[in-house]
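Here's a structure for you.
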Amino acid sequence: MKKKMAKAGETETKKKAKCFKDKRKNMQRLGGGRGGLSLEAFANAKTKTNTYNPAIIKKQREFYKNAKYVNKYKRIVKQQQGEPSGSARQLEDEEGRRNKKNSARSLREIYERKREEDDKAMMETDATILARKEERQRAESRRKELREKMFKKTKSGQPVMKYRIEHILETLQGSKV
(Lines give C-alpha, C1' and ligand atoms only; values in the text may rest on other atoms or scores of the structure.)
Protein backbone atom coordinates (compact mmCIF):
# COMPACT_ATOMS: atom_id res chain seq x y z
CA MET A 1 0.00 0.00 0.00
CA LYS A 2 2.76 2.37 0.92
CA LYS A 3 4.46 1.71 -2.41
CA LYS A 4 1.26 2.54 -4.32
CA MET A 5 0.83 5.76 -2.36
CA ALA A 6 4.44 6.71 -2.97
CA LYS A 7 4.05 6.03 -6.70
CA ALA A 8 0.84 8.05 -6.84
CA GLY A 9 2.61 10.97 -5.10
CA GLU A 10 5.48 10.77 -7.57
CA THR A 11 3.18 10.81 -10.60
CA GLU A 12 1.33 13.84 -9.26
CA THR A 13 4.58 15.77 -8.79
CA LYS A 14 5.70 14.75 -12.28
CA LYS A 15 2.39 15.98 -13.73
CA LYS A 16 2.71 19.28 -11.87
CA ALA A 17 6.27 19.73 -13.09
CA LYS A 18 5.22 18.98 -16.69
CA CYS A 19 2.31 21.39 -16.43
CA PHE A 20 4.65 24.09 -15.10
CA LYS A 21 7.06 23.47 -18.00
CA ASP A 22 4.19 23.74 -20.50
CA LYS A 23 3.06 27.03 -18.97
CA ARG A 24 6.60 28.38 -19.10
CA LYS A 25 6.98 27.32 -22.76
CA ASN A 26 3.70 29.00 -23.66
CA MET A 27 4.76 32.21 -21.92
CA GLN A 28 8.05 32.26 -23.82
CA ARG A 29 6.30 31.49 -27.11
CA LEU A 30 3.92 34.36 -26.56
CA GLY A 31 6.86 36.69 -25.96
CA GLY A 32 6.60 36.83 -22.25
CA GLY A 33 8.14 35.43 -19.20
CA ARG A 34 9.58 38.18 -17.08
CA GLY A 35 9.31 41.41 -19.06
CA GLY A 36 6.51 40.74 -21.52
CA LEU A 37 6.26 42.51 -24.87
CA SER A 38 7.80 45.89 -25.41
CA LEU A 39 5.46 48.71 -26.38
CA GLU A 40 6.88 48.82 -29.90
CA ALA A 41 6.55 45.06 -30.39
CA PHE A 42 2.99 45.17 -29.03
CA ALA A 43 2.00 47.99 -31.40
CA ASN A 44 3.51 46.23 -34.40
CA ALA A 45 1.78 42.99 -33.47
CA LYS A 46 -1.57 44.79 -33.35
CA THR A 47 -1.17 46.60 -36.69
CA LYS A 48 -0.07 43.58 -38.72
CA THR A 49 -2.86 41.53 -40.23
CA ASN A 50 -2.17 37.98 -41.21
CA THR A 51 -5.54 37.44 -42.85
CA TYR A 52 -6.20 37.49 -46.59
CA ASN A 53 -7.93 40.74 -47.56
CA PRO A 54 -8.53 41.22 -51.30
CA ALA A 55 -9.61 44.86 -50.88
CA ILE A 56 -6.24 45.82 -49.36
CA ILE A 57 -4.38 43.91 -52.07
CA LYS A 58 -6.37 45.75 -54.75
CA LYS A 59 -5.59 49.14 -53.17
CA GLN A 60 -1.87 48.33 -52.99
CA ARG A 61 -1.82 47.19 -56.61
CA GLU A 62 -3.56 50.39 -57.70
CA PHE A 63 -1.15 52.50 -55.64
CA TYR A 64 1.93 50.91 -57.23
CA LYS A 65 0.43 51.16 -60.71
CA ASN A 66 -0.23 54.88 -60.21
CA ALA A 67 3.31 55.37 -58.90
CA LYS A 68 4.65 53.71 -62.03
CA TYR A 69 2.63 56.02 -64.28
CA VAL A 70 3.73 59.10 -62.31
CA ASN A 71 7.40 58.12 -62.66
CA LYS A 72 6.93 57.53 -66.39
CA TYR A 73 5.27 60.95 -66.79
CA LYS A 74 8.09 62.68 -64.87
CA ARG A 75 10.68 60.96 -67.06
CA ILE A 76 8.91 62.07 -70.27
CA VAL A 77 8.63 65.68 -69.05
CA LYS A 78 12.32 65.68 -68.13
CA GLN A 79 13.29 64.36 -71.57
CA GLN A 80 11.17 67.00 -73.33
CA GLN A 81 12.78 69.81 -71.34
CA GLY A 82 16.36 68.76 -72.05
CA GLU A 83 15.70 67.43 -75.57
CA PRO A 84 17.33 69.03 -78.64
CA SER A 85 15.25 69.92 -81.70
CA GLY A 86 14.39 67.31 -84.35
CA SER A 87 17.05 68.40 -86.89
CA ALA A 88 19.79 68.30 -84.23
CA ARG A 89 18.71 64.80 -83.30
CA GLN A 90 18.99 63.67 -86.93
CA LEU A 91 22.55 65.05 -87.11
CA GLU A 92 23.46 63.14 -83.98
CA ASP A 93 22.02 59.94 -85.49
CA GLU A 94 24.10 60.37 -88.66
CA GLU A 95 27.26 60.96 -86.63
CA GLY A 96 26.48 57.84 -84.64
CA ARG A 97 26.18 55.79 -87.86
CA ARG A 98 29.54 57.10 -89.10
CA ASN A 99 31.14 56.27 -85.77
CA LYS A 100 29.85 52.68 -85.97
CA LYS A 101 31.99 52.09 -89.06
CA ASN A 102 35.08 53.37 -87.28
CA SER A 103 34.17 51.69 -84.01
CA ALA A 104 36.12 48.50 -84.77
CA ARG A 105 39.32 50.52 -85.16
CA SER A 106 38.62 52.66 -82.13
CA LEU A 107 37.78 49.62 -80.02
CA ARG A 108 41.05 48.00 -81.02
CA GLU A 109 42.96 51.17 -80.10
CA ILE A 110 41.18 51.39 -76.76
CA TYR A 111 41.96 47.72 -76.09
CA GLU A 112 45.64 48.21 -76.92
CA ARG A 113 45.90 51.32 -74.73
CA LYS A 114 44.24 49.55 -71.83
CA ARG A 115 46.52 46.55 -72.29
CA GLU A 116 49.62 48.79 -72.23
CA GLU A 117 48.39 50.52 -69.05
CA ASP A 118 47.76 47.17 -67.39
CA ASP A 119 51.23 45.95 -68.40
CA LYS A 120 52.81 49.11 -66.95
CA ALA A 121 50.90 48.67 -63.71
CA MET A 122 51.97 45.01 -63.50
CA MET A 123 55.61 45.96 -64.09
CA GLU A 124 55.42 48.58 -61.33
CA THR A 125 53.90 46.17 -58.84
CA ASP A 126 56.48 43.50 -59.73
CA ALA A 127 59.28 46.03 -59.24
CA THR A 128 57.96 47.06 -55.81
CA ILE A 129 57.57 43.42 -54.75
CA LEU A 130 61.10 42.64 -55.92
CA ALA A 131 62.51 45.67 -54.08
CA ARG A 132 60.78 44.57 -50.87
CA LYS A 133 62.15 41.04 -51.24
CA GLU A 134 65.69 42.30 -51.75
CA GLU A 135 65.42 44.65 -48.76
CA ARG A 136 64.15 41.79 -46.62
CA GLN A 137 67.01 39.55 -47.71
CA ARG A 138 69.57 42.26 -46.97
CA ALA A 139 68.13 42.83 -43.51
CA GLU A 140 68.05 39.10 -42.87
CA SER A 141 71.70 38.66 -43.86
CA ARG A 142 72.68 41.65 -41.70
CA ARG A 143 70.92 40.13 -38.71
CA LYS A 144 72.50 36.75 -39.39
CA GLU A 145 76.02 38.24 -39.45
CA LEU A 146 75.35 40.18 -36.25
CA ARG A 147 74.05 37.05 -34.58
CA GLU A 148 77.11 35.06 -35.62
CA LYS A 149 79.36 37.76 -34.20
CA MET A 150 77.37 37.86 -30.97
CA PHE A 151 77.69 34.11 -30.43
CA LYS A 152 81.33 33.86 -31.48
CA LYS A 153 83.40 32.00 -28.93
CA THR A 154 87.07 31.57 -28.17
CA LYS A 155 88.92 28.24 -28.46
CA SER A 156 88.19 27.51 -24.84
CA GLY A 157 84.46 28.19 -25.27
CA GLN A 158 84.26 31.62 -23.69
CA PRO A 159 82.13 34.24 -25.52
CA VAL A 160 84.04 37.01 -27.31
CA MET A 161 82.91 40.12 -25.47
CA LYS A 162 84.35 42.52 -28.05
CA TYR A 163 81.40 42.10 -30.45
CA ARG A 164 78.83 42.22 -27.69
CA ILE A 165 80.24 45.48 -26.35
CA GLU A 166 80.33 46.92 -29.89
CA HIS A 167 76.69 46.01 -30.36
CA ILE A 168 75.70 47.64 -27.07
CA LEU A 169 77.62 50.81 -28.03
CA GLU A 170 75.92 50.94 -31.44
CA THR A 171 72.46 50.63 -29.91
CA LEU A 172 73.26 53.35 -27.37
CA GLN A 173 74.56 55.68 -30.06
CA GLY A 174 71.52 54.94 -32.23
CA SER A 175 69.14 55.81 -29.38
CA LYS A 176 70.91 59.12 -28.67
CA VAL A 177 70.63 60.30 -32.29
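The values are calculated or read from the model by the stated rules, or taken from the named source; none is laboratory data. Because the structure is a prediction, the values reported are computed rather than measured. SASA here: full protein model, heavy atoms, side chains in, ligands and nucleic acids out. Shrake-Rupley method; radii C 1.70, N 1.55, O 1.52, S 1.80 Å.
For R24, state whether it is assigned to a helix (DSSP H, G or I) and either at pLDDT below 70 or among the basic types (K, R) (or both).
In short, yes.
Quick grid of which residues meet (1) open to solvent by 100 Å² or more (accessible area, probe 1.4 Å); (2) of a type outside the set (S, T, N, Q); (3) at pLDDT below 75:
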| position | (1), (2), (3) |
| --- | --- |
| G36 | no, yes, yes |
| L39 | yes, yes, yes |
| A43 | no, yes, yes |
| T51 | yes, no, no |
| Y69 | yes, yes, no |
| K72 | yes, yes, no |
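Further question on the same structure: If the requirement is being modelled with pLDDT under 85 and charged (D, E, K, R), which of these qualifies: K176, K155, K133, K114?
K176
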